[in-house]
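Participant: Starting off with a structure, shown below.
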Amino acid sequence: MNRMLLGFAVLAIGAVSVATSIAKKQAVAESHRRSRQTILYYTLSRIDNPIIVLGDSIVEASTLPRELCGHAIVNAGLDGASTTSELGDWLLDALDGKTAAAIVIALGINDALGAARDLPQFEANYGSLVATLSKATAHVIMLGIPPLDASSRLPVLTRAKATPLIDSYNVALPALAVRCGTTFAALPPLPTPHTIDGVHLSAAGYELWNEAILKGASVSCGSK
């Protein structure tokens, strides 16, 4: 009986430890989310008609060009973001009633890596995000999703599961853009390797990624 009680106690302690760890991670993520939104609010409050690049850690870690055809380019990346992160409301709150010349959406990696969302889920989430963002701009641009690299820092099984999903997302995005009345910006072929860890872009990867953003966002040139 004592051994059984001891076993239950060990299991309970383990469960509490896991729950505490998850709670801490969630608290850190939520704190970062609030901080990024606050910084965005400060930035956007002093800029009119910006081009905003909205996305995940690939966006947040980027050093975007400063402007395009007179429009300041603003980094609205959020580490860990996916199409279910409610980024539309998050960004609109930071804009505080202001509008943008264009909003570039750069999402999809975490939908494939973390949640392994199937294509119908991804399309529905993405379409809902576009509908929200369209309240703040006449130009929404959907950016293609970078492929994963083989890397010792990215488990082979993880890459094998996520790659077909990313491929399916990229195949679907052009047609989704047509249905949503937006612009699709394809990525050019990227070199091998083009990441530092299988996921996050290297300097060579970012160079081509930036070019695709500028080409896609050019639809806003002339709108002041």
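Just so you know, all these numbers are worked out from the coordinates, no wet-lab data involved. Keep in mind the model is a prediction, meaning the values are calculated, not measured. Positions of Cβ are generated from backbone atoms using ideal geometry, with glycine treated the same way; all protein chains shown enter the neighbour counts.
Participant: Kirkwood hydrodynamic radius of the range 75-117 from all distinct Cα pairs, in Å?
Facilitator: On the way: mean 1/r = 0.0870 Å⁻¹.
One over the average 1/r among Cα pairs gives 11.5 Å for the range 75-117.
Participant: Please state the equivalent ellipsoid semi-axes for the range 150-213: what are the square roots of 5 times the Cα gyration tensor eigenvalues, largest first, in whole Å?
Facilitator: Taking √(5λ) for each Cα gyration eigenvalue gives 24, 17, 7 Å.
Participant: Okay, next question. In Å and whole numbers, how far do the C-alpha atoms of the range 46-120 stretch along each principal axis, longest first?
Facilitator: Per principal axis, max minus min of the Cα coordinates gives 38, 25, 19 Å.
Participant: Just checking the chain: which Cys have no other cysteine's beta-carbon under 4.7 Å?
Facilitator: CYS180
Participant: What does the charge add up to near ALA124, with Lys and Arg as +1, Asp and Glu as -1, over the other residues with Cβ less than 12 Å from its Cβ? Walk me through the intermediate numbers first.
Facilitator: Numbers: positive: ARG117, ARG179; negative: ASP111, ASP118, GLU123.
Result for the neighbourhood of ALA124: -1.
Participant: Which residue, GLN121, GLN37, GLN26, tops the fluctuation ranking in a GNM of the chain built on C-alpha contacts under 10 Å?
Facilitator: GLN26
Participant: How big, in percent, is the set of alpha carbon pairs in the chain lying more than 22 Å apart? Don't skip to the end; give the middle numbers.
Facilitator: On the way: 13464 of 24976 pairs.
The proportion of pairs with Cα distances above 22 Å equals 54 percent.
Participant: For the pair GLU211/ALA116, report the inter-label distance in nm, with labels modelled 7 Å from Cα in the Cβ direction.
Facilitator: 3.6 nm
Participant: So which residue, out of GLY114, GLY144, GLY181, gets the largest mean-square fluctuation from a GNM of the chain using Cα contacts under 10 Å as springs?
Facilitator: Greatest mean-square fluctuation among the candidates belongs to GLY114.
Participant: Could I ask something else about it? Sequence gap at least 6, Cα distance under 8 Å: using those rules, report the relative contact order of the range 111-224 to the nearest whole percent. Intermediate results must be reported in sequence, preceding the final value.
Facilitator: Numbers: 125 pairs, mean separation 35.9, N = 114.
Reported as a whole number, the value is 31 percent.
Participant: Hey, any idea what Rg/Rh is for the range 40-80, computing Rh the Kirkwood way over Cα pairs?
Facilitator: Working: Rg = 10.1 Å, Rh = 10.4 Å.
Radius of gyration over Kirkwood radius for the range 40-80 works out to 0.97.
Participant: Arrange PHE184, PHE122 by Cβ neighbour counts within 10 Å, fewest through most, would you? Before the final figure, lay out each step's value.
Facilitator: Numbers: PHE184 17, PHE122 25.
Ranked by crowding around the Cβ, least crowded first: PHE184, PHE122.
Participant: Calculate how many DSSP beta bridges within the range 33-220 are antiparallel, expressed in % of all such bridges and rounded to the nearest 5. Present the calculation step by step, with values, prior to reporting the outcome.
Facilitator: Numbers: 4 of 20 bridges.
Once the DSSP bridges in the range 33-220 are tallied, antiparallel ones form about 20 percent.
Participant: Kirkwood hydrodynamic radius, the range 101-154, all distinct C-alpha pairs: what's the number in Å?
Facilitator: On the way: mean 1/r = 0.0791 Å⁻¹.
In the range 101-154 this quantity evaluates to 12.6 Å.
Participant: On a 0 to 90 degree scale, rounded to 10, what angle separates helix 119-133 from the longest Cα axis of the chain?
Facilitator: Between helix and principal axis, roughly 50 degrees.
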